[in-house]
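Nothing in this text is a laboratory measurement; each read-out follows from the coordinates by a stated rule. The structure displayed is predicted, hence computed values, not measured ones. Note that each Cβ is placed from the backbone with ideal geometry, even for glycine, and that neighbours are counted across all protein chains shown.
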């Protein structure tokens, strides 16, 4: 199994355990960079952006976009999009 496939399986398992009902977002660098930009964190260099997000989210700031980090990042980005859509209406 590829590393990306393993991250997807692990993310789905962890998400199911803690109540995430949506499939995990991809953990590839381009997706993580896009999510960081959506939450207002400069995504370059990537490891630094992930570390900043982890610190703000109360996670261990190791700079690794693991399943929990990616799930929280995707959730916060989704909430920001929903807030922007609500304000535009």
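Miscellaneous remarks
- Scanning the stretch 21-54 for residues that are out of contact with any helix residue (DSSP H, G or I) (no Cβ under 9 Å at 6 or more places or on another chain), part of a helix (DSSP H, G or I) and surrounded by fewer than 18 Cβ atoms within 10 Å (Cβ to Cβ) returns 30, 47, 48.
- Condition check for residue 55: farther than 19 Å from residue 84 by Cβ and free of Cβ contacts under 8 Å to residues at least 12 places away in the same chain: yes
- Residue in the stretch 37-46 that is within 8 Å of the chain's Cα centre (by Cα) and touching a residue at least 24 places away in the same chain (Cβ under 8 Å) present: no
- Residues (more than 18 Å from residue 23 (Cα to Cα), part of a loop (DSSP other than H, G, I, E, B) and under 13 Å from the mean Cα position of the chain (by Cα)) located in the stretch 55-89: 59, 63, 64
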